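Asker: Before anything else, here's the structure in question.
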Amino acid sequence: MIPFNKPYLTGKETTYIADAVQSGRISGNGAYTHLCQLFFQNQYSFHKALLTTSCSDALEMAAMLLHIQPGDEVIVPSYTFVSTANAFVREGAKIVFCDSRPDHPGIDETKLEELITPKTKAIVPVHYAGVASDMDAIHDVAKKYNIAVIEDAAHAVDAYYTDRGGRRRRLGGIGDLGTFSFHETKNIISGEGGLLIINSESYAHRAEILWEKGTDRAAFTRGEVDKYGWVDVGSSFLPSEIISAFLWAQLENLEKIQAKRISLWHNYFDSLNDWANQKGIQLPVVPAFASVNGHMFYLVCESEKQRQHIQQHLKNKQMQAVSHYISLHSSPFYQSKHDGRELPNSDRYTRCLLRLPLFYTLSEQQQMQVIHEIKKI
Ligand SMILES: *Cc1c(COP(=O)(O)O)cnc(C)c1O
């Protein structure tokens, strides 16, 4: 059986976990947490990075940092994971769903402005499959109406956006805030895990307080205050050192992991391009401003029936290909709260998108088998 995903272990995870345990300091904000955060602040040049227990938690921190109130509106693509919307719904926001681009499941930046009202507080682009949303266009709208931008970069570690000035910028470091996931289905993993990136200095101080249960313990740990206490709302958003130790083993191998995943992605693309053209199937579109980070390879079929056919054929050959999100505007939870606007592209990806096996230990031989079986269809 060739699975869709298989979590990759670099071999050092248990060594670092044992080290953390033996050090006697296994709660959060210790040595491994710092190593991981400094990796993103130094190598990635992010202004400030805080590890969280998940990307969902990082998004919840973002909603709290923006002081989202009941009645506020937040613009989110409908074709995304539930957490992108949930984080804001928990604070009372109304979600205004935006359609996907015709050529890509990411948010359609040309549809944003018509969704803005005086109540709009934030736009949350999702860099689907690690392919950048059009950040300049999104920022144009956000600046005009004084709205915050939060990048859901759950898929987008090691991915770039080239801005209008020709500057190559890391995803997650462009909006006011950015969030990453280290769930075991992502490129870099810690089982469950996430990261909040704070790009606007104005949020940096309060982010640390929300992170440490509403206390100023982070400042206390640095010796900046001589006792710590309850200063704001918050929760326990920081992971234990056991999780950070695991993550550090992964980050040390980021380049190696990325090189393999990107190579697999290009193999799929080059091998399936002619076949896809003949069948009316769309392969991933990567706009000139975006990059490939090897998070995911998918087909957009002509119909749900065609997707079902390909999926079944692969299943018969012991190969697992899977669909992805069900548009949130048609979900059991949000359907009745949605304003009724149709989101045809989002619905099309719900029906027609099929993801192929892509993980670090997928051998080239196994990948050739998958490609061979697809081409037989
Ligand atoms: C995986 C994912 C999340 C949630 O990440 P967790 O770390 O599992 O909370 C959020 N948004 C998107 C787009 C995702 O793919």
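Asker: Can you tell which of Asp72, Asp103, Asp140 is among the acidic types (Asp, Glu), open to solvent by 10 Å² or more (accessible area, probe 1.4 Å) and touching a residue at least 60 places away in the same chain (Cβ under 8 Å)?
Answerer: Asp103
Asker: Still on this structure: Would you mention how many residues in the stretch 307-347 are within 21 Å of the chain's Cα centre (by Cα), within 26 Å of Asn187 (Cβ to Cβ) and of a type outside the set (Ser, Thr, Tyr)?
Answerer: Looking only at that region, the number is 6.
Asker: Being in contact (Cβ under 8 Å) with a residue 12 or more places away in the chain and over 16 Å from Met61 (Cβ atoms) is the filter here; which residues of the stretch 217-239 pass it?
Answerer: Scanning the stretch 217-239 gives Thr221, Tyr228, Gly229, Trp230.
Asker: Could you tell me which numbered condition Trp230 fails, if it satisfies all but one of (1) open to solvent by 40 Å² or more (accessible area, probe 1.4 Å); (2) touching a helix residue (DSSP H, G or I) at 6+ places or on another chain (Cβ under 9 Å)?
Answerer: The one condition Trp230 does not meet is (2).
Asker: Going by the conditions given, is His34 of a type outside the set (Phe, Trp, Tyr) and free of Cβ contacts under 8 Å to residues at least 12 places away in the same chain?
Answerer: Spelling it out, His34 is indeed of a type outside the set (Phe, Trp, Tyr) and free of Cβ contacts under 8 Å to residues at least 12 places away in the same chain.
Asker: While we're here: Limited to the stretch 218-232, what total is found for residues that are under 21 Å from Leu66 (Cβ atoms) and charged (D, E, K, R)?
Answerer: Total meeting the criteria: 1.
Asker: Here's another thing I want to ask about it. Just one of (1) more than 11 Å from the ligand (Cβ to nearest atom); (2) closer than 18 Å to His67 by Cβ trips up Thr215, so point out which.
Answerer: With respect to (1) more than 11 Å from the ligand (Cβ to nearest atom); (2) closer than 18 Å to His67 by Cβ, Thr215 is out only on (2).
Residue by residue, here is whether (1) at negative phi; (2) out of contact with any Phe, Trp or Tyr (no Cβ under 6 Å at 6 or more places or on another chain); (3) not polar (S, T, N, Q) holds:
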position	(1), (2), (3)
Ile123	yes, yes, yes
Ala129	no, yes, yes
Ala142	yes, yes, yes
Asp163	yes, yes, yes
Leu177	yes, yes, yes
Thr185	yes, yes, no
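Asker: Among the candidates Ile209, Ile189, single out the residue that is within 17 Å of Gly234 (Cβ to Cβ) and of a type in the set (Val, Ile, Thr).
Answerer: Checking each option against the conditions leaves just Ile209.
Asker: Does the stretch 132-170 hold any residues that are within 12 Å of the ligand (Cβ to nearest atom) and either over 25 Å from Ser244 (Cα atoms) or among the aliphatic types (A, V, I, L, M) (or both), and which are they?
Answerer: If the condition is that a residue be within 12 Å of the ligand (Cβ to nearest atom) and either over 25 Å from Ser244 (Cα atoms) or among the aliphatic types (A, V, I, L, M) (or both), then Ser133, Ile150, Ala153, Ala154, Ala156, Val157 are the ones that fit.
Asker: Consider the stretch 46-56. How many of its residues are within 14 Å of the ligand (Cβ to nearest atom), surrounded by fewer than 24 Cβ atoms within 10 Å (Cβ to Cβ) and not β-branched (Val, Ile, Thr)?
Answerer: Here the count works out to 2.
Asker: Any residue at all in the stretch 228-238 that is touching a Lys or Arg at 6+ places or on another chain (Cβ under 7 Å) and more than 28 Å from Ala156 (Cα to Cα)?
Answerer: yes
Asker: Then there's this: So Asn86 passes all but one of these: (1) open to solvent by 20 Å² or more (accessible area, probe 1.4 Å); (2) out of contact with any strand residue (DSSP E or B) (no Cβ under 6 Å at 6 or more places or on another chain); (3) more than 16 Å from the ligand (Cβ to nearest atom). Which condition number does it fail?
Answerer: Here Asn86 meets the rest and fails (3).
Asker: Also: Using the structure shown, decide if Gly71 is farther than 29 Å from Cys98 by Cα and more than 16 Å from the ligand (Cβ to nearest atom).
Answerer: The answer is no for Gly71.
Asker: For the stretch 166-183, give me each residue that is under 15 Å from Gln258 (Cα atoms) and open to solvent by 10 Å² or more (accessible area, probe 1.4 Å).
Answerer: Once the filter is applied, which keeps residues that are under 15 Å from Gln258 (Cα atoms) and open to solvent by 10 Å² or more (accessible area, probe 1.4 Å), the stretch 166-183 yields only Arg170.
Asker: Ok, one more. Report, by residue number, each residue of the stretch 272-281 that is free of Cβ contacts under 8 Å to residues at least 40 places away in the same chain and at negative phi.
Answerer: Matches in the stretch 272-281: Asn273, Asp274, Ala276, Asn277, Gln278, Ile281.
Asker: Ok, one more. Answer yes or no as to whether Ile197 is of a type outside the set (Asp, Glu), within 16 Å of the ligand (Cβ to nearest atom), open to solvent by less than 10 Å² (accessible area, probe 1.4 Å) and in contact (Cβ under 8 Å) with a residue 40 or more places away in the chain.
Answerer: Criteria met by Ile197.
The values are calculated or read from the model by the stated rules, or taken from the named source; none is laboratory data. Everything quoted here is computed from the prediction, not taken from an experiment. Cβ sites come from the backbone with ideal geometry, for glycine too, and all protein chains shown count toward neighbours. Just so you know, the surface numbers come from the protein's heavy atoms only, side chains and all, with ligands and any DNA or RNA stripped out. Shrake-Rupley method; radii C 1.70, N 1.55, O 1.52, S 1.80 Å.
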